[in-house]
1. Could you work out which residue, out of A:P123, A:P219, A:P200, moves most in a Gaussian network model of chain A, that is, has the largest mean-square fluctuation with Cα springs under 10 Å?
2. Just tell me how shielded B:183-189 is by partners: mean number of partner chain Cβ atoms within 10 Å of each residue's Cβ, no decimals.
3. Apply the Karplus parameterisation 6.51 cos²θ - 1.76 cosθ + 1.60, with θ equal to phi minus 60°, to every residue of segment A:248-259 and state each ³J(HN,Hα) to the nearest whole Hz, in sequence, with x for glycine and proline.
4. Would you mind checking A:K234/C:K317; C:K253/C:K275; C:K142/C:K164; A:K50/A:K256; C:K129/C:K275 for any pair whose Cα atoms are more than 20 angstrom apart?
5. Each residue of segment A:28-41 in order: what ³J(HN,Hα) in whole Hz does its phi give by Karplus 6.51 cos²θ - 1.76 cosθ + 1.60, θ = phi - 60°, with x for Gly and Pro?
6. Take the alpha carbon gyration tensor of segment A:93-209, find the square roots of its eigenvalues, order them as a ≥ b ≥ c, and report rounded if a/c is under 1.5; if not, report prolate when a/b exceeds b/c, else oblate.
7. What shape does chain A take by its C-alpha gyration tensor, where a ≥ b ≥ c are the square roots of the eigenvalues and a/c under 1.5 counts as rounded, a/b above b/c as prolate, and the rest as oblate?
8. If each DSSP helix of 4+ residues adds -39,500 (n - 2.57) and the sum is divided by the residues in chain A, what number results at 222 nm, nearest 500 deg cm²/dmol?
Amino acid sequence: MSATFDVKARRSALETKRIVSSAVGWGLCGLAFLLVAVPLLDLVLTITIKGASAFSISLFTTSSNGVTGGLLAAIVGTAVLSLGSLVFAVPIGVGAGMYLSEYGQNRLGSVIRFLSDTLTGMPSIVLGYFSYITMVIGLGWQFSALAGAITLAIMVVPYLARITELSLQRVPVQMREAAYALGAQERTVAFKVVLAAGAPGVITGVLLGLAISVGETAPLIYTAGWSNYLWNGKLTNQPIGYLTYVIWTFINQPYKSAHALAFAAALLVMLVVLAINIGVRVVLRPRT
Amino acid sequence: MKRQAKRLNLFRLTLTSIAIVIPVSLIIIVVFLGQYAWQAIGFNGIRFLGTIDWSLGNLYMNPVVTRGYQVPIGADYGILAFIVGTLFSSLLALLFALPVAVGTAIFLSEAAPDRVRPVLSMLVELVAVVPSVVFGLWGIYVLAPLISHYIGPGITAVLGFIPFFNMNNSTGSGFGLLAAGTVLALMITPIIATTLYDALRQVPLDLRESAVALGATRFEVVTKIMMPTVRITLIGGVVLGLGRALGETMAVLMVSGGALNYLPKTIFTPISTMAAFILSQLDSALQDPTNMAVKSLAEIALVLFVITLGVNAVARMIVRGATFVRNI
Amino acid sequence: MRSVTKLRRSTLLRAAAAAALIAGLGMGVAQAAGVTLVETGSTLLYPLFNIWVPHFEAIYPGVKITTQGTGSGAGIAQAISGVVQVGASDAYMSDQQVKQNPDILNIPLAISAQAINYNLPGMNNKHLKLSGPVLADIYTGKIGMWNDPAIEALNPGLKLPDHKIIPVHRTDGSGDTFIFSQYLDFSTPAWASTVGYGTTVSWPAVQGGLGAQGNPGMVEALKQNPYAIAYIGVSFHKEVSEAHLGQAMLLNKAGKYVLPTPRTISAAADELVGKTPADERISLIFAPGAMSYPIINYEYAIVNTKQRDAATAKAVKDLLTWASNTGNKPVYLKQVEFMALPPAIKKLSAAQIAKIGG
């Protein structure tokens, strides 16, 4: 009798210990999650409150004059630079992704894949430095929309290529086989079957690429330059403003108006980036 | 038939040549950097990596020939302080990020209720997409004052007997190693956490079931059964995060304090990282009429590239098949 | 059949898109009728340029000027590389730079000065007395505490705090660094033989010493960090005093402590401007005379005599001529505590401006 009781008591002591340590473990995991979530919420909240209080109609209708005024020129510039980067990045990125997915199961494919991932890992300031020496000075483009957009494109292309590859690979082989069986040409299969079926993934990639471009600063400082004025349509020899420049420069100015503009710009950039990211996750999420 | 074969080849050829643009541009960039830095590599030699003093020399006196190269008097380019700043801040970031990321991943995958899990995991993913300049802004406005007024004195009170953790050994501004490490930790935690989260979700159900059948608590299932199976993925995620931290520019530049010519003696001391230094010094370096300063910056870019290349290559070797871009 | 029409349609679509793109580019070129100039560089001159530009543009409606405070180093470098039309700098170019780039001019636009500011809680209303040698010791780390005997010796009767000094220096290539290090160089042999002067100097290692970007960054660094000290151009005097930061009296060559005021700046200028050579590159630092403030300088526009076209050249000439004459009126300069150029200097500048061509 007593022996059985003892075993039971020991067991339950051990069990208690295990249960307690499990509970502590879960608690720590929850705490860890909070350590990620709370700073994000604080960041979003701080920037939303500070930024929203600087919002006004004139913020969107006038351009900055030194450290006061609005953000029109910067908003337009960010749009020009990031959409401009897509002009270069989409054909190359999607094309490369198609190659990797459809024909890249060979040595060349894996070399391209490795170097593409290496390019993704290249620090953005190194790209900016490269573009400054080659395009801005070497080709004489000066600070310009073209130099900025191409630099952003170099960053976005490898992302886009790999996301395209991944989404096209998900298209079932049977679809390709069926199309070929119907006598379709390779090119028709690639565009009309594979790319069409993988389109949601590719569009996701393009949108994420856009989000990356909108949020970048370091590669633009020495390529796009900065301008107080609305972009006048010139691709070279004309600097162009952008929102992230406002954030990084104006927060260092000892003026309230400059700080307000920096937070307003941060809020705009954050809204665009978060909206794109939440959008693609909610609408285009292929994961089940 | 023949015509079709020809067109087909043309199509493939076009796609191939487009795909080749990516490696070619990478090679152009690297070759350009190497060629541009060549003179600096010759002038600096191994001292480049081993000395602390970065000096453009006297730009207002006529350049002299030193070690066979035309450079300003007193020019000396040592980047040890920036290498140390880069490694310290990144390692500090890893030190913070690793436990937090593991905890977060376990929480998301095992503890979060199914209904809110997608929302919570998205929240973590979103941390990774916040632009780094916005992190920098938050660092200047929120984090640095927090460190200066609360965290710093707190750490000093608890660990102050170790000189490295004593704020009184530094000057006590919030900008420095700790601020840089914290911001970087925030940026890489989601990378590690989501990699691990995905792996945990893929652990086969029967593995868990057999552990539960043996009487393990759920937490024990996670720590003793599941974690060992995803170890490799975790290491891969860590190395990917490290790669990101090493190359980060804006956020670090904004909170690191911009130290020059000294190694940090405390966790509160200002630092500079290689990426941030390139950005902040390019203008100054362009002033050097001999161009040696700009070329030495190119050499920093090269060193940074080699380090990140190494880290990314290691990551890829560990996580075979996984890709840098997260599969959304 | 259907696939053919589809194909044709997509080709058509593509052609239309290409046409639209080309049309867009063409329009862009057509729109760019006026001249746009980019001014970059000195953050000390930046507030004045921001005041100047709207007035200048009102008179010359065809010209648009973008201003950027990036540091004098950037101003010089980017004017030389041709990336910008007007570089702003508190420092003149070095002999070597002039030799390599004989087409680049240094044209004074105004006379400026630099203050030594600090954030000493409770004591910012008092003007500390500081000298070149003491500042040199602070920036080399030999003096680490505010209550160091060397500082107390200059300020008898002041109870200085027992706290570490945070010396703040510029991280960008800076004309303020140039004139500050020149003051230390001219007044302190030990500094001259080790650090010297320049727009970028190799700052001696001081644990905890902070780097800041631009004059605005210096003001922010002082605001955020009690017990910090920094060198800040007088064009930020308003911001400095609004933040209730302290301003030091500096020891001049004659052994007197002076604050940067219109009187002391003019006194120093009077001593040295007469020696200005035709290319106008001259240091005005550490001037003799009992009333002279020791850190004053010309604010330069760094411009290439060869501009990309005649219209740009004319715009640059108009801007510089306007700035060094109309722009020198007290209504503009008072706002940034600058002094007007003496007539003799305006004449030298006009001669240099005349060299600019298309």
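The values are calculated or read from the model by the stated rules, or taken from the named source; none is laboratory data. If you're wondering where the values come from, they're calculated on a predicted model, not measured in any experiment. Cβ atoms come from the backbone with ideal geometry, glycine included; neighbour counts cover every protein chain shown. All accessible areas refer to the heavy atoms of the entire protein, side chains included, with ligands and DNA or RNA removed. Shrake-Rupley method; radii C 1.70, N 1.55, O 1.52, S 1.80 Å.
1. Comparing A:P123, A:P219, A:P200 in the GNM, the peak value goes to A:P123.
2. Mean inter-chain Cβ contacts per residue within 10 Å come to 2.
3. Result, ordered by residue: 6, 8, 6, 5, 8, 9, x, 10, 4, 4, 5, 4 Hz.
4. Those over the limit are A:K234/C:K317; C:K129/C:K275.
5. Once θ is set to phi - 60°, the couplings for segment A:28-41 become 5, 5, x, 4, 4, 4, 4, 5, 8, 6, 5, x, 4, 5 Hz.
6. prolate
7. Oblate shape, in that a/c is at least 1.5 and b/c is the bigger or equal ratio.
8. Calculated at 222 nm, the ellipticity per residue is -23500 deg cm²/dmol.
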